[in-house]
Amino acid sequence: MTKEIRIIPLTDMPAFVGALMQGRKVLAPTRNDDGLCVFAWLSAPEQADWTCGIPRVPPKQALLPRTEVFFRYHREKGKETVSPPPPPEPQAVLGLHPCDVQAVKVLDAVFSAEPSPDQPYLERRAVTTLIGRGFSEDEPLVFCRELGIDPMDNRDCDAFLVPLAANRMALEILTDKGAALKPAYERFPPAGAEDRAAIAEARKLSQARSTPPLDMAAIQRNLETIFNSDLWNRIHEPCVGCGACAFLCPTCHCFDIQEETRGLDGARVRVWDTCQFDLFTRHASGHNPRTSQKERSRQRIMHKFSYGVDRFHIPFCVGCGRCIAACPAHNDVRQILKEIQDLAKAEKP
Amino acid sequence: MTAIKQVDLKTLARELLTTGKVEVFIGYQAATQPLTTAPLIIHGALGAGHAQQASNPEAERDLARQVEALIFDDRCEMNLANYLHKFKDRKVAIVVKGCDSRSMVGLLQEKQVDRKDLIIIGAPCRGVIDRRHVGSEIYAACRECPVHNPVIADYVIGAPVPQPDLPEITPEMEALRKASPDHRWERFHKEMSKCILCYACRNLCPACYCKTCFADASKPKWVGRTDDPADAMMFHLQRLMHLGGRCTGCGACVRGCPMQVDLRLYNDHLRSHVKQEYGFMAGMDEAAQPPLAMYGTDDCNEFIR
């Protein structure tokens, strides 16, 4: 059976998004009051903004909310009652750039890993439909091609939007979860042979634009030998040690577990945390194994390009460029990677 | 200010670094995105803890290449005074704009840096281009800047620039002060709702140098880290209180915020209050006593006498 493809004029996107919002929450690129593109939960279909490239805030909040309640409790004399949070509602993430889809794969790998798969994550993931979006032009700062991710690739999506001529989008239905969106897309006409050819052509054009990939194997190999290199001084010295890069990274997933209490009521919550903070590794004794920003900056690169790859066979970076855009010191991970890669070349006998 | 020697930035940097007069030079270089610059931290040939050695031709070439990359223009937005804590007890040369020089004065007053370890290179500045609004204006903090020329420097790298006249209170601030409490609350709530608690504002602020910030205290924990705007409010209000009489209005926190949280009017309000109540402007005079760090037996408040 050929893949189901529907054609949606951009002017009808609000109708499609509105129908998607029936019975599920929808996270999509939208502009906030400052005009900044962010992934946010829609309250009206018109909020989805198709002029956004890579929104500053990534979609990871759909799967790893900034605040996730594990359970709530109430204390009374000699008695505690504990109540679990309500089960997650069905949700769709709309308009994911293929690099953001790859980021979901990273999160999946981490949070489903044995021996301790993460139940809250997996429950949320199970009710999540991923609707990707192809980009026929390369967005500024995005270097996903250098990491082998094609901006028109629909893999790992449940459905995928491909931009077409004459202000239209093609919606490819790729999985059963995608097919379950039928009530939202069935009003739109199926793609004819001409549009199918145009989609294939757009993919071919995108592949032809591929840039030379970074040598990820060399980067990983070399990272193993430069733990004490002077390079880390150059990387950490301009870094101010804030969490902008990590919080806005679609793959960074480190968290803290805290108690939020008010009177006799409380909740145990999971909140975002980052290896860039001193508190992240500070022990109860006061000892901190990562004493300075040097160790913390190194950890960020090591985790993304060495440890993560070792354990899960997938880099913890997808080339979205958000950290480059967000860094107040304008550190650029592309430069850091090139430098590490070229060190590898220089040090080869 | 008596006449301070006007010099060429690169020539001076080369001299200071190669003769060992400083170990570290903190300046600016072009960054990879349009209209952006990044700090350039150069270690001299005699600097300790780094691979560069004297009489190593490769290290010398590297040093020359780095010095050549130094720039100063209207894209240099970071307040480099913020980096001094990374190089405590080292001989450091640093490039400062007018606003940054006030941070330097603040750090000297609070004994965070030692004047004899510092060579301060003043950079007269007409304002930094607002890279978020290409067109392109200068940042609001720069439009309202009362100190375009550094207040403290050993060398300067340009001729003094004219200082525009400024209103005592900007129309924007006047409007906010006159607004109803409901309106102000709504505005504050909206700004705080954007905050993701990455602490870029704090980490970019030269006056925020506490080794353990209250926000990082865990025994007890003062500030939560949830997405409830109350947590961001607590953090920012406490930070504001700590900056009373210390904030110089350099705007580093606003420029560096990845979520465009606009702290400017709150900082401005704080500064104008301090000016009104104590006649004090932070970071103008090293010998002055910061009002919130001093005590007088003639204090007008009975409770403290």
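Computed from the coordinates by the stated procedures, all read-outs in this text should not be read as laboratory data. Bear in mind the structure is a predicted one, so any value in this text is a computation, not a measurement. FYI the Cβ positions are ideal-geometry reconstructions off the backbone, even for glycines, and counts take in every protein chain you see.
Hand me the tally of lysine pairs in the range B:171-293: alpha carbons under 27 angstrom apart, and the pair either on different chains or 8 or more positions apart. Show your work: numbers first, answer last.
On the way: B:K178/B:K190; B:K178/B:K194; B:K178/B:K275; B:K190/B:K221; B:K194/B:K211; B:K194/B:K221; B:K211/B:K219; B:K211/B:K221.
Lysine pairs satisfying the spacing and distance rule in the range B:171-293 number 8.
Kindly flag which residue pairs out of B:K10/B:K116; A:K3/A:K25; A:K177/A:K304; B:K21/B:K97; B:K5/B:K97 have an alpha-carbon separation exceeding 19 Å in this structure. Could the numbers behind the result be given before it?
Details: B:K10/B:K116 22 Å; A:K3/A:K25 26 Å; A:K177/A:K304 30 Å; B:K21/B:K97 22 Å; B:K5/B:K97 16 Å.
Violating the 19 Å Cα-Cα cut-off are B:K10/B:K116; A:K3/A:K25; A:K177/A:K304; B:K21/B:K97.
Taking the range A:85-129 as the region of interest, what is the percent of Cα-Cα pairs per 5 angstrom bin, listed from the shortest bin to the one with the maximum distance?
That works out to 6, 20, 26, 24, 17, 6, 1, in percent per bin.
Could you work out how far apart the two model spin labels at B:A69 and A:A165 are, taking each label as a point 7 Å from the Cα in the direction of the beta carbon, and quote it in nm?
In this crude label model, B:A69 to A:A165 measures out at 4.6 nm.
Given 0.36 nm per residue, what is the gain on full extension from B:V161 to B:D228 after removing their alpha carbon distance, in nm? Before the final figure, lay out each step's value.
Numbers: separation 67, 0.36 × 67 = 24.12 nm, distance 4.50 nm.
Stretched fully, the B:V161-B:D228 segment lengthens by 19.6 nm.
Please compute the Kirkwood hydrodynamic radius over the protein assembly as shown, one decimal place, Å, based on all pairs of different Cα atoms. Intermediate results must be reported in sequence, preceding the final value.
Working: mean 1/r = 0.0368 Å⁻¹.
It is 27.2 Å.
Can you put B:R102, B:R202 in order of Cβ neighbours within 10 angstrom, beginning with the fewest? Before the final figure, lay out each step's value.
Numbers: B:R102 29, B:R202 24.
By the 10 Å Cβ count, ascending, the order reads B:R202, B:R102.
Local charge sum around A:E259 (other residues, Cβ-Cβ under 10 Å, Lys/Arg +1, Asp/Glu -1)? Walk me through the numbers on the way to the answer.
Values: positive: A:R268, B:K221; negative: A:E260.
Once all neighbours under 10 Å are counted, the net charge is +1.
What average number of partner chain Cβ atoms lie no more than 10 Å from the Cβ of the residues making up A:34-46? Don't skip to the end; give the middle numbers.
Details: counts 7, 3, 5, 0, 2, 0, 0, 0, 0, 0, 0, 0, 0.
Average per residue, whole number: 1.
Can you compute the charge dipole magnitude of the range A:175-304 about its Cα centre, using +1 on each Lys and Arg Cβ and -1 on each Asp and Glu Cβ, nothing else charged? Give it in debye, rounded to the nearest 20.
Dipole about the Cα centre, nearest 20: 180 debye.
At a 10 Å Cβ-Cβ cut-off, how would you order A:I8, B:I42, B:I4, fewest neighbours first?
Working: A:I8 21, B:I42 26, B:I4 16.
Fewest-to-most Cβ neighbours within 10 Å comes out as B:I4, A:I8, B:I42.
Which aspartates and glutamates does B:K86 reach when only Cα atoms under 12 Å apart count, and residues fewer than 8 places away in its own chain are ignored?
Within the straight-line cut-off, B:K86 pairs with A:E237.
Which whole-number percent gives the relative contact order of the range B:159-305, counting Cα pairs below 8 Å spaced six or more residues apart?
On the way: 111 pairs, mean separation 33.9, N = 147.
Reported as a whole number, the value is 23 percent.
With the contact rule set at Cα under 8 Å and sequence spacing of 6 or more, what percent relative contact order holds for the range A:5-208?
Numbers: 320 pairs, mean separation 48.0, N = 204.
It comes to 24 percent, rounded to a whole number.
Taking 0.36 nm per residue of sequence separation and subtracting the Cα-Cα distance, how much length would be gained by fully extending the chain between A:D33 and A:K3, in nm to one decimal? Walk me through the intermediate numbers first.
Values: separation 30, 0.36 × 30 = 10.80 nm, distance 3.89 nm.
The span from A:D33 to A:K3 would gain 6.9 nm if fully extended.
For the range B:98-244, treating each Cα as an identical point scatterer without solvent, what Debye log10 I(q)/I(0) comes out at q = 0.15 1/Å?
The Debye formula, applied to the Cα set alone, gives -1.08.
Normalising by the residue count of chain A, find the relative contact order in percent from Cα pairs under 8 Å and 6+ residues apart. Write out the running numbers ahead of the final one.
Values: 587 pairs, mean separation 71.9, N = 349.
Averaging sequence separation for qualifying contacts and normalising by length gives 21 percent for chain A.
With no solvent and one equal point scatterer per Cα, compute the Debye intensity ratio I(q)/I(0) for the range B:1-120 at 0.11, 0.16, 0.18 Å⁻¹ and report its log10, rounded to two decimals.
-0.37, -0.78, -0.98
In cubic angstrom, how much convex hull volume per residue do the alpha carbon atoms of the range B:217-261 span? Could you put the intermediate results ahead of the total?
On the way: hull volume 4.2 nm³, N = 45.
Dividing the Cα hull volume of the range B:217-261 by its residue count gives 94 Å³.
Report D for chain A in µm² per second (integer): Stokes-Einstein, Kirkwood Rh on Cα pairs, 4 °C, 1.567 mPa s.
Working: Rh = 22.0 Å.
In µm²/s, the coefficient rounds to 59.
So how far apart, in nm, are the two label points at B:T212 and B:E277 if each is 7 Å from Cα heading toward Cβ?
With each label point 7 Å from Cα toward Cβ, the separation is 2.9 nm.
Add -39500 (n - 2.57) for each DSSP H run of 4 or more in chain B, then divide by its residues: what number comes out at 222 nm, to the nearest 500 deg cm²/dmol? Kindly include the intermediate steps, with their values, before the conclusion.
Details: 10 runs with 100 residues, N = 305.
When only DSSP H runs of four or more count, the value is -9500 deg cm²/dmol.
Treat the count of other C-beta atoms within 10 Å as a stand-in for reagent exposure and order B:C257, B:C205 from fewest to most.
Details: B:C257 22, B:C205 26.
Ranked by crowding around the Cβ, least crowded first: B:C257, B:C205.
Report the full-extension gain for the segment A:E339 to A:H287: residue separation times 0.36 nm, less the Cα-Cα distance, to one decimal in nm.
Working: separation 52, 0.36 × 52 = 18.72 nm, distance 3.25 nm.
Result: 15.5 nm gained on full extension.
Using just the C-alpha positions of the range A:186-310 as equal point scatterers, what log10 of I(q)/I(0) does the Debye formula give at each q in 0.09, 0.11, 0.13, 0.16 1/Å?
Treating every Cα as an identical point scatterer, log10 I(q)/I(0) equals -0.49, -0.64, -0.76, -0.92.
Sum up the charges of everything whose Cβ sits under 15 Å from the Cβ of A:A198, counting Lys and Arg as +1 and Asp and Glu as -1, but leave A:A198 out. The partial results should precede the final answer.
On the way: positive: A:K3, A:R6, A:R168, A:R196, A:R203, A:K204; negative: A:E172, A:E194, A:D195, A:E201.
It works out to a net charge of +2.
Nearest 10 degrees, 0 to 90: what angle lies between the long axis of helix B:9-18 and the longest principal axis of chain B (Cα atoms)?
On a 0 to 90 degree scale, this one is about 70.
Calculated FRET efficiency, A:E46 and A:Q207, Cβ-Cβ r, R0 30 Å, to nearest 0.05? List each step's numbers first, then the result.
Values: r = 34 Å, r/R0 = 1.13.
Rounded to the nearest 0.05, the efficiency is 0.30.
Given points 7 Å out from each Cα along the Cα-Cβ axis, report the B:D89 to B:E172 separation in nanometres with one decimal.
About 4.3 nm separates the two model spin labels.
FRET efficiency for B:F303 and B:T18, Cβ-Cβ distance as r, R0 = 51 Å, nearest 0.05?
Details: r = 57 Å, r/R0 = 1.13.
Approximately 0.35, to the nearest 0.05.
Per residue of A:272-284, what is the mean number of Cβ atoms on other protein chains within 10 angstrom of that residue's Cβ?
Per-residue shielding by partner chains comes out at 3.
If you build the convex hull over the alpha carbons only and average its shadow over all orientations, what do you get for chain B? Give it in nm² to one decimal.
Numbers: hull surface 75.5 nm².
Approximately 18.9 nm², given one-decimal rounding.
Calculate how many DSSP beta bridges within chain A are antiparallel, expressed in % of all such bridges and rounded to the nearest 5.
Around 75 percent antiparallel, to the nearest 5.
For helix B:57-69, what angle does its Cα long axis make with the longest principal axis of chain B, in degrees from 0 to 90 and rounded to 10?
The helix B:57-69 is inclined about 40 degrees to chain B.
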